[in-house]
Amino acid sequence: MTATSDKTPAVEKAAGTVATKKPLTAIEVGAKHIGHWDADFAAVLPSHMDRATFARLAVGVLRKNPDVADAAAQNPASLWHALMECSRLGHEPGTNQFALTVFKVKIKDTDQYRPEVVGMEQYQGKIERMYRASIPGEFGVQAIHADVVRENDLYVSAAESGTGRPIHKRGWFTTDPPGQARHGVFVDEGARGQLVGAYAYAELAGGAVSRVVEMPKSEVMKHKAAAKTPKFWNGTWEESMWIKTAVHQLETWVPTSAEYRRQAAATSGDVHGAPRSAAAESGNDQPEGDVVEGTVVA
């Protein structure tokens with residue numbers, strides 16, 4: 001006769017004879033949340049994006065970046081907000097169009113801190129939405145020009161050039177006499193000197209030019225001072241932040257859209273389907289609370 005155990009499950013667990021369920025990793029927790037939010041993303045994704053692909057890319061960001069996965073596991077609501085903003089704008093998460101960042105944020109009225117996932121639309125994403133609102137050769141933005149100007153560059157403003165477009169020649173004053181650099185576009189940043197300004201403008205269908213945004217350093221610094229993420233303005237990301245600031249101002253003067261107008265026109269027959277306004281498209285990419293530190297991780 002086979003002996004039977006008189007141990008209850010509780011006794012077996014206490015005795016260590018019952019295998020405990022392995023806890024989920026941060027990546028698995030995040031992936032589970034993303035799966036639950038699938039319908040939320042689908043409700044706002046533009047027509048050119050597939051909901052399953054978006055979810056897979058979002059999980060891929062967690063696998064690629066442990067910092068994002070850990071922050072998402074501790075503060076899943078922040079991941080939801082970041083991915084909803086990304087899907088609403090029609091971008092793929094964790095790309096040069098839409099970065100995911102992790103901040104250490106002070107909780108209001110306490111001495112405690114929490115990690116927070118924040119989605120940040122990059123200037124490449126803003127430019128992409130300008131192109132989406134257009135139809136090549138027919139309507140809207142046909143080309144975008146945006147760059148920084150350094151102290152040894154030649155820059156002639158749109159008003160002074162006589163063409164309605166600025167003239168920008170990199171490294172013009174790095175030679176004596178000026179303008180002798182054979183490959184000015186490749187002149188080293190150090191030789192070109194400190195940043196002094198940024199500009200952005202769009203070429204529109206029919207040859208017209210949008211308003212040219214020209215921002216001197218003093219104006220760019222006002223935006224930096226108002227930002228909750230000043231750390232991103234230094235080092236590796238400095239030039240990109242200057243360009244992003246100019247492109248952000250350009251949004252006011254050109255159409256933008258999360259949808260591809262060319263696809264919408266083919267479906268509806270409306271060639272000039274009204275794009276959504278810049279104000280409606282550009283979300284708040286600042287975390288709530290007092291930012292202590294933040295790192296771009298995707």
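Can you name the residue in segment 170-204 that is of a type in the set (K, R) and surrounded by 17 or more Cβ atoms within 10 Å (Cβ to Cβ) and is also nearest to I135 (Cα to Cα) among such residues?
Our first condition is that a residue be of a type in the set (K, R); within segment 170-204, this holds for 170, 182, 192.
The next check asks that each one be surrounded by 17 or more Cβ atoms within 10 Å (Cβ to Cβ); those that pass are 170, 192.
Values: R170: 31, R192: 37 Å.
Of everything passing the filter in segment 170-204, R170 is nearest to I135 (Cα to Cα).
Is it true that some residue in segment 69-79 is part of a helix (DSSP H, G or I), without any contact (Cβ under 8 Å) to a residue 24 or more places away in the chain and farther than 18 Å from E128 by Cβ? Give the steps one after another, and end with the answer.
Within segment 69-79, the first condition is being part of a helix (DSSP H, G or I), and the residues that meet it are 69-74, 76-79.
Remaining after also requiring without any contact (Cβ under 8 Å) to a residue 24 or more places away in the chain: 77.
In the following step, the residues that additionally are farther than 18 Å from E128 by Cβ were identified as 77.
Scanning segment 69-79 turns up at least one residue that is part of a helix (DSSP H, G or I), without any contact (Cβ under 8 Å) to a residue 24 or more places away in the chain and farther than 18 Å from E128 by Cβ.
Here is the figure for segment 22-47: residues that are touching a residue at least 24 places away in the same chain (Cβ under 8 Å) and either surrounded by fewer than 13 Cβ atoms within 10 Å (Cβ to Cβ) or aliphatic (A, V, I, L, M) (or both) total 8. Taking the listed residues S268, S240, S282, S277, the one that is surrounded by 15 or more Cβ atoms within 10 Å (Cβ to Cβ), at pLDDT below 50 and polar (S, T, N, Q) is S282, with no other qualifying. Number of residues in segment 81-113 that are closer than 23 Å to D67 by Cα, in contact with a helix residue (DSSP H, G or I) (Cβ under 7 Å, 6 or more places away or on another chain), not aromatic (F, W, Y) and not in a loop (DSSP other than H, G, I, E, B): the value is 5. Within segment 153-165, residues that are closer than 21 Å to H183 by Cβ sit with their Cβ atoms under 7 Å from residues that are in a helix (DSSP H, G or I) and among the basic types (K, R), at 6+ positions apart or across chains, in these pairs: D153/R192.
Mind listing whichever residues of segment 99-115 are within 16 Å of the chain's Cα centre (by Cα) and either among the β-branched types (V, I, T) or modelled with pLDDT of 95 or more (or both)? Across segment 99-115, the qualifying residues are T101, V102.
Listed here are the helices (runs of 4 or more DSSP H) enclosed by segment 149-239 that have at least 3 residues being closer than 30 Å to V254 by Cα and touching a helix residue (DSSP H, G or I) at 6+ places or on another chain (Cβ under 7 Å): 217-226. Looking only at segment 143-172, residues that are more than 17 Å from F186 (Cα to Cα) and more than 29 Å from the chain's Cα centre (by Cα) come to 7 in all. Taking segment 88-127 as the range and being free of Cβ contacts under 8 Å to residues at least 60 places away in the same chain and buried (at least 22 other Cβ atoms within 10 Å of the Cβ) as the test, the residues that pass are H91, F98, V117, G125. Mind checking which pairs have a first residue in segment 57-68 that is assigned by TED's automatic domain parsing to the domain that holds K32 and a second that is among the polar types (S, T, N, Q) and not in a helix (DSSP H, G or I), Cβ under 9 Å, 6 or more apart or different chains? Short answer, once both residue conditions are applied: L57/T95; D67/T295; V68/T101. One residue stands out among those in segment 251-265 that are of a type in the set (S, T, Y) and modelled with pLDDT of 85 or more: the one that is farthest from A146 (Cα to Cα), which is S257.
Only residues that are more than 15 Å from the chain's Cα centre (by Cα), of a type in the set (D, E, K, R) and either over 15 Å from T101 (Cβ atoms) or not assigned by TED's automatic domain parsing to the domain that holds L204 (or both) were counted across segment 220-238, and they come to 2.
A quick yes/no check of all residues on (1) within 23 Å of G140 (Cα to Cα); (2) small (G, A, S):
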| site | (1), (2) |
| --- | --- |
| E160 | no, no |
| P166 | yes, no |
| G171 | no, yes |
| P177 | no, no |
| Q180 | no, no |
| H183 | no, no |
| V187 | no, no |
| Y201 | yes, no |
| G206 | yes, yes |
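The values are calculated or read from the model by the stated rules, or taken from the named source; none is laboratory data. Bear in mind that the values here come from a model prediction, so they are computed numbers and not experimental data. All Cβ positions, even for glycine, are placed from backbone atoms using ideal geometry, and neighbour counts span all protein chains on display.
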